[in-house]
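A quick write-up on the structure given underneath.
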Amino acid sequence: MEAEAPDGTASAGVLSGAPAVRAERLSFGPSGGSGPVPIDRLSFTVEPGETLLVAGPSGTGKSMLLSLVAGLGSTYSDPQVGGHLVVAWPEGVDPGPLPRPRPGRVGFLQQEPGDGLLGVDLLSALALPLELLGLGRDETADRVGHALETSGLMEMAEREVSTLSVGERKRAALAGIEALDPPLVLLDEPLADLDPPGVRHLLDDLARIHTARTVLVAEHRIGPLRALADRELHLVPSAARPPPRIWTPAIARGPGGAEPAVVANSLSIDRGGRRLIDDATFRLGPGVWGLLGRNGAGKSTLLSVLAGLVAPTSGAVTVAGRPVWSRGLRVSRRETHEVGLRRTLQVCFQEPREAFFAASVKEELTAPIERLGLLLGHRARSKVENGLEQAGLTHLAEVSPQRLSGGEARRVQTLGALLVSPSVLFLDEPTHGLDPVARDALRANIAAFGRAGGVVIVATHEPAFLPAGAEWIHLPGDGRVMVGDAARPGEPGPAKDGYVVPDPLAPETTALPEVRP
Amino acid sequence: MTGPHAAPYHTPTVFPRILLAAAATLVALIGPAWGVAVVAAAAGIGLVRSGAHATARTTGWMVLGLVAATIVFQAAILVPFVGLGWLEALGVGAAFSARLGTVLLVTSLLAVALPPRAWLASLARFPRLGLLFTLVFRQVPDMAAEAERVRRAQRARGLLIGRLVPALATVVPVMSRTLERADRMGRVLLLAGWGRPRREPLVRPRFHVVDIVWMGLAVALLAGLFLF
């Protein structure tokens, strides 16, 4: 088929390889699913060379839709399929309701971009797909070299992929797509976890890639991507779910009635031969604290040290009156000390599923309550059931935690931490994978926790997510820990790292409209 | 500017260095004392000057530990059971551990001198095997980092309190996520059309002038070993 340039800027010749994508009453769900299928009678059209932005709450099948377009429908065992999904390649349309994989024709940035980089060093990783296509060595070298140069990654060509940061992996995977030069590009949450300069780099890369190609982007932070999109598709859940309600925490006082606070004294932290934190002294009292800093500045490591999980090089840490580190050494190895600390302080790390081990969400949430001796047996279980209902997650009670979608896993993780009734809560990038409704609920919960007298530290790249009245911590990356007014977004230090006011990359926070044609 | 002849598209070829390492190992095991000393010194200097400080340090500690353990072990056997004097036993132990320590130094230097990409580039002439080893080399560091994060996250939740259950609790997410990752890598390979029998690897081993030196040295070591 001969494609037509939608806006007259790209020539039909360049576009001739770009396919149209059409879904007609497409339904798709994994085998044996008794509940509503994730993709339910979906219809949409993307013309050749257009960019479609796919938004919608967690669990509405955005990732699944991209996989189906990529031709990976066959990797789901025995699914229920209805309707048609057509990728109209110039060379023809695949028979059957779903497209098949077309090597070299589809570039797919998956949620874990590192898994798409199949090579020990970056250069071999980018070359492998081209080699598998049977391209000659000169052509492979030309394309990979060109892609690395345009994306400014040439100097890390020989780096090992395992040493690359999240942001670097994302940009590397995009460079791989540029080298492959496919007419159809699929991007699954490309902006997640990136710091503001990283987001800007990635938007530049995207602006280059989306020209003359058909592109589908699934993303929660649709604000920054709207300028690139020709169409938007807002998926809605097939079954109405109860909205989450706000948690009202009861914050316990520390030993001796001390008000909860996180105190660090002359704290120094080294990691990978680099000094991340150098002789920092600070006190974080009750309230909400936003922790800002670029990828690799040491936010997660600092939280791990403050939580007593990773040893500092030197210095002391006290959490809610409980000494955790003293002169760089663990204060106590006794189990009672550990139990006391974990009851007081809960941490939600970046990837919730890494901490999940149980067969069902209900068991997963009951285990820490029992292990920490808060409640036992049916009392623990009924506390969990109440919590699930309050958080609007009852429908997930019997689901395996490893099978949750990113956003669902995040909500279960946060609920698990709140059920322990801590007085100090650390959240590491809690907005990753959350849809606007869940974000608003989480923000309200964080604010309520702070108001009730608890300490919440939220490591984030989205300052606009934090409730009004939040205080700030900034890691400029030179070993200092800035606390208070100097760390506020818009002040010179944070602004240098891209944290400005108002945040130009702030996502949509209002609930999205229904499907738009 | 770029092109298939630019520097990053080549890795050192592995065989000359493997040959040299094998010859040095042989000298370390059966050669004369001064030969062992020369090999140990050369390997030690090479390791320190390679810039891989972490590896050099680890190897140093391993050699020290090995020497100490071997001497103690030998003395514990030789003195009561063979009836050697303390000094003699220490001498035998020292000689034995010096040889083993030298082998360790040589092996470490080889590992530092040939990064994974060099081994993989040499393996790429066997397409399936090369791809398999690429996936293995790619997964291992990520898996190790993940296991560490899993333990940390579970401890933070209060799950690692008590004895038996914690080990099991950690295995489940590591296994489940490794399977997921394998699944995603499989999808990537499926999209890339991995079934192609022949491919032309971009990164290739290249024979360098210095490789002639390594091979010459290896031959000299072997000749010396068997002639004298």
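The values are calculated or read from the model by the stated rules, or taken from the named source; none is laboratory data. This is a predicted model, so every value here is computed, not measured. Here the Cβ is made from the backbone with ideal geometry for all residues, glycine too, and neighbour counts use every protein chain on show. Just the protein is used for accessible areas: all its heavy atoms, side chains included, with ligands, DNA and RNA removed. Shrake-Rupley method; radii C 1.70, N 1.55, O 1.52, S 1.80 Å.
Within segment B:137-194, take every residue that is part of a loop (DSSP other than H, G, I, E, B) and open to solvent by less than 50 Å² (accessible area, probe 1.4 Å) and give me the one that is farthest from A:ALA70 (Cα to Cα).
Top of the filtered list is B:GLY162.
Right, A:ARG353: part of a helix (DSSP H, G or I), of a type in the set (D, E, K, R), open to solvent by 30 Å² or more (accessible area, probe 1.4 Å) and within 10 Å of chain B (Cβ to nearest Cβ) or not?
yes
Return a yes/no flag: does segment A:130-139 have any residue that is more than 7 Å from chain B (Cβ to nearest Cβ) and among the small types (Gly, Ala, Ser).
no
Tell me the residue from A:GLU370, A:GLU335 that is facing chain B (nearest Cβ under 9 Å) and free of Cβ contacts under 8 Å to residues at least 24 places away in the same chain, please.
Unique residue meeting the criteria: A:GLU335.
One line per residue, one yes/no per condition, for (1) outside any loop (DSSP other than H, G, I, E, B); (2) more than 12 Å from chain B (Cβ to nearest Cβ); (3) out of contact with any helix residue (DSSP H, G or I) (no Cβ under 9 Å at 6 or more places or on another chain):
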| site | (1), (2), (3) |
| --- | --- |
| A:LEU42 | yes, yes, no |
| A:GLY49 | no, yes, no |
| A:PRO57 | no, yes, no |
| A:THR60 | no, yes, yes |
| A:SER63 | yes, no, no |
| A:SER67 | yes, no, no |
| A:VAL86 | yes, yes, yes |
| A:ARG102 | no, no, no |
| A:GLN111 | no, no, no |
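Sort out which residues of segment A:126-183 are outside any helix (DSSP H, G or I), crowded, with 17+ Cβ neighbours inside 10 Å and without any contact (Cβ under 8 Å) to a residue 24 or more places away in the chain, and write them in order of number.
Passing the criteria: only A:LEU135.
Based on what the data block shows, is A:PRO95 farther than 26 Å from B:GLN139 by Cα, open to solvent by less than 50 Å² (accessible area, probe 1.4 Å) and away from every other protein chain (no Cβ under 12 Å)?
no
B:LEU47 fails exactly one of the following numbered conditions: (1) more than 22 Å from the chain's Cα centre (by Cα); (2) in contact (Cβ under 8 Å) with a residue 12 or more places away in the chain. What is the number of that condition?
Of the numbered conditions (1) more than 22 Å from the chain's Cα centre (by Cα); (2) in contact (Cβ under 8 Å) with a residue 12 or more places away in the chain, the odd one out for B:LEU47 is (1).
What tally of residues in segment A:115-129 results from selecting those that are more than 7 Å from every other protein chain (Cβ to nearest Cβ) and either among the acidic types (Asp, Glu) or within 13 Å of A:LEU164 (Cα to Cα) (or both)?
Qualifying residue count for the region: 3.
Conditions: (1) surrounded by 12 or more Cβ atoms within 10 Å (Cβ to Cβ); (2) within 30 Å of A:GLY273 (Cβ to Cβ). B:ALA54 meets all but one. Number of the miss?
(1)
Quick one: what pairs do we get from segment A:74-96, first residue more than 17 Å from A:SER43 (Cβ to Cβ), second open to solvent by 50 Å² or more (accessible area, probe 1.4 Å) and polar (S, T, N, Q), C-beta under 6 Å, 6+ apart or different chains?
Between residues of segment A:74-96 that are more than 17 Å from A:SER43 (Cβ to Cβ) and residues that are open to solvent by 50 Å² or more (accessible area, probe 1.4 Å) and polar (S, T, N, Q), the close pairs are A:SER77/A:SER31; A:ASP78/A:SER31; A:PRO79/A:SER31.
Would you mind stating whether A:PRO502 is in contact with a helix residue (DSSP H, G or I) (Cβ under 8 Å, 6 or more places away or on another chain), within 14 Å of A:PRO196 (Cα to Cα) and at pLDDT 90 or above?
No.
Residue under question is B:ALA192, and the condition is that it be within 30 Å of A:GLY136 (Cα to Cα) and of a type in the set (Gly, Ala, Ser); does it hold?
So B:ALA192 passes the test.
Which one of these is at the interface with chain A (Cβ under 7 Å from one of its Cβ atoms), closer than 30 Å to A:ILE369 by Cβ and modelled with pLDDT of 85 or more: B:PRO173, B:PRO141?
Checking each option against the conditions leaves just B:PRO173.
Restricting to segment B:205-218, count the residues that are in contact with a helix residue (DSSP H, G or I) (Cβ under 9 Å, 6 or more places away or on another chain) and open to solvent by less than 90 Å² (accessible area, probe 1.4 Å).
Going through segment B:205-218 one residue at a time, the tally reaches 8.
Suppose we filter segment A:373-382 for residues that are within 10 Å of chain B (Cβ to nearest Cβ) and buried (at least 17 other Cβ atoms within 10 Å of the Cβ); how many remain?
1
Quick one: is A:PRO368 buried (at least 17 other Cβ atoms within 10 Å of the Cβ), over 20 Å from the mean Cα position of the chain (by Cα) and assigned to a loop (DSSP other than H, G, I, E, B)?
Taking the combined requirement at face value, the residue does not satisfy it.
Here is a yes/no grid of residues against (1) part of a strand (DSSP E or B); (2) within 12 Å of chain B (Cβ to nearest Cβ); (3) of a type in the set (Gly, Ala, Ser):
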| position | (1), (2), (3) |
| --- | --- |
| A:LEU341 | no, yes, no |
| A:ALA358 | no, yes, yes |
| A:VAL384 | no, no, no |
| A:GLU389 | no, no, no |
| A:GLY407 | no, no, yes |
